[in-house]
Amino acid sequence: MVSLLLTQDLRVKPGFPIEITAQVDAHAIRVAIEWSVIEHEAGPGADADAAHRYLHDQRSRIERAIQAHLFAQGMPLRGQLTLSRDDLETLAGDAG
């Protein structure tokens, strides 16, 4: 089971990946979401507020993308993974 651990003090800097923590069973992993994902959803002028809205609104979709990544490739040895726009577009037909 994957669960995102979103905190209020999430640091967002436009143009850079957003790093969040996900709990996978008893393990915590760092997940970086490429900024292009936010820009694709919110437009090229995306800001920190748009990023926070995206994380909140698309939480279950992000969790499913993490699960799909772990199913396909296993637990990352360094405890880190990056989700790209392609990773999330694979689930675009699913309700978020």
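Rounded to the nearest percent, how much of the accessible area of the chain (1.4 Å probe, protein heavy atoms only) is carbon and sulfur?
Taking all protein chains in place, the chain shows 49 percent carbon and sulfur surface.
Can you give the angle from 0 to 90° between the axis of helix 59-73 and the longest principal axis of the chain, with both taken from C-alpha atoms, to the nearest 10?
Between the helix axis and the principal axis of the chain, the angle is about 40 degrees.
What whole-number value in Å² describes the accessible area per residue of the chain for a 1.4 Å probe?
62 Å²
Computed from the mean reciprocal separation of all distinct C-alpha pairs, what Kirkwood hydrodynamic radius does the chain have, in Å?
That comes to 13.4 Å for the chain.
If you build a Gaussian network model of the chain, linking Cα atoms that sit under 10 Å apart, which residue out of Leu83, Leu55, Leu70 swings the most?
Highest fluctuation of the listed residues: Leu70.
Contour minus end-to-end for Arg59 and Asp86, with contour as 0.36 nm per residue of separation and end-to-end as the Cα-Cα distance?
8.1 nm
Across the stretch 27-38, in residue order, what do the Karplus-derived ³J(HN,Hα) couplings come to in whole Hz, using 6.51 cos²θ - 1.76 cosθ + 1.60 with θ = phi - 60° and x for Gly and Pro?
10, 9, 10, 8, 10, 9, 10, 4, 4, 4, 5, 5
Starting from the Cα-Cα distance between Ala48 and Leu5, subtract it from 0.36 nm times their residue separation and give me the gain in nm to one decimal.
Full extension from Ala48 to Leu5 adds 13.7 nm.
The values are calculated or read from the model by the stated rules, or taken from the named source; none is laboratory data. Not measured: the values here are computed from a predicted model. In case anyone asks, the SASA skips ligands and DNA or RNA and just uses the protein heavy atoms, side chains included. Shrake-Rupley method; radii C 1.70, N 1.55, O 1.52, S 1.80 Å.
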